Structures are given as C-alpha cells and as structure tokens.
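J.: Sharing a structure with you now.
The values are calculated or read from the model by the stated rules, or taken from the named source; none is laboratory data. This structure is a prediction, so every number in the text was calculated from the model and none was measured. Cβ placement follows ideal geometry from the backbone for every residue including glycine, while neighbour counts extend to all protein chains displayed. Note: areas computed on protein heavy atoms with side chains; ligands, DNA, RNA excluded. Shrake-Rupley method; radii C 1.70, N 1.55, O 1.52, S 1.80 Å.
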Amino acid sequence: MAGEERAHRIPGELTEEQAGQMLADMNEVIRAGEEMRKLRAEMIKLLIGLGWTQDRIGRLASMSQPAVSKHMAKHRTDGPPPPMELSLDQYDTPWLEGRLWGLAEEISETLHGTARCTRCVDAVARGKKRFTPENVDELRRLVEEDLRLHRATMPGSYQDAYDRISRALDVPPKANATTGSASVRRTLAHRIQRDRLGDDA
C-alpha cells in the first residue's frame, strides 16, 4: 500500500494507473482497426454479391488490384451471399442501432458538434464504444435530450425518425430473416438513415 502511494506521489514517475490507461487506449485502437478490417472485408463480400466489378470495388475502397482479386477469389469459392434488403424500415436490432447512430450523427452535425450526443457518437465512430445495450441506452437518452432542447431548430424528420427507431427498439425484434453480419447491417442502416435525413432536410 505504501509503495502504491509512493508511486502516485513522486513527480516524474509513471504510475501503474497511468500505464494501464495508456495501454487500454492502445488496445482500443488496435481492436478498432481489426474490427474495421473485418467490416471492410464483409462489405466487399456484399458488393461482390451485388455484382460490382473488381475495378469499381478497388477504386472505391482504395485497394490494389491484387488485394481485390484475392477477395474476389475467396468469395467465389464461398458462393454468392443471399441478396440484402436495403429498405430503411427493417426491425432487427443491429439495423435499428445503425439508424440511431446515423440520426445521432446528423444531430451532432446540425448542432455543429455542440450536441449532447456528440461525444458518444465520436466514441462510436472511433471504435471506443460498442453497441452494447448500455451504450445504446445512453445514446438514446442523449438523442432524446438533444431533440427536446433543440426542438425549434431541428427538422421534424429527426423527431419522426427517432420515434420510429425508439418504438421498435422497445419491443422484441421481429423474427424476420436477415442477411449480413450485425456490423454490416449497422453500417448500412447508418448510411441509409443519414442519406434519408439529408434528402428530407
């Protein structure tokens, strides 16, 4: 105990707490990088299944031809994935979480980074927060606060989107067949929700 106190008191020494925090931060970055590589591979598989060409995928993903060819060869042996529905109104949990994420980002940008949800959204985007039930509840609460505090300046489509997402998250997910991993579905729903809100603005 005395040794621990001494480590905290001596100027210029690195404490165990400081070292632990630095390493934890590094682990988060490494984990986020690994998850992003996996997500990119899954998205490429999806695009291959949609019939996109190697050149088109390589250009959009900023990947070399050999790297795209490797993905192409791997997924040819796997067989084409089943087609994925891209309708906004789907009710599995990852899809709804992606919609919530997209809405929160739109709110943050509309309020120029001063929204209550901004820090949470930034942490999600950097891979520092995951879509656990607790983090989703936190994001919902912050979005609700932003919509309430800035009702006069927010487009009505933001509140409408939140009401639909929130009601759907409050009931057990419908047992409809879905394709794609949870992370792919979240990413697609996030993008489609943002595009829809942008069109409505």
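J.: Just name one of L100, P83, L139: the one whose Cα is farthest towards the positive end of the charge dipole of region 81-166 (beta-carbon charges, Lys/Arg +1, Asp/Glu -1).
T.: The listed residue farthest towards the positive side: L139.
J.: Also, quick follow-up: Counting only protein chains, not ligands or nucleic acids, how are V184, V29 ordered by accessible area (probe 1.4 Å), most first? Could the numbers behind the result be given before it?
T.: On the way: V184 5, V29 95 Å².
So the residues, ranked largest to smallest area, are V29, V184.
J.: Hey, what do the phi angles of region 125-142 turn into as Karplus ³J(HN,Hα) couplings, whole Hz, using 6.51/-1.76/1.60 and θ = phi - 60°, x for Gly and Pro?
T.: Karplus-based 3J(HN,Hα) across region 125-142 equals 4, 8, x, 7, 10, 9, 8, 7, x, 5, 5, 5, 4, 4, 5, 4, 4, 5 Hz.
J.: Return the tail of the calculated pair distribution for the chain, meaning the percent of Cα-Cα pairs more than 24 Å apart.
T.: The calculated P(r) of the chain puts 53 percent of pairs beyond 24 Å.
J.: Can you give me the three principal axis dimensions of region 114-201 from its C-alpha atoms, in Å, biggest first?
T.: 39, 28, 24
J.: Continuing with the same structure: Given a 1.4 angstrom probe, what's the average accessible area per residue across the chain, in square angstrom?
T.: I get 62 Å² per residue for the chain.
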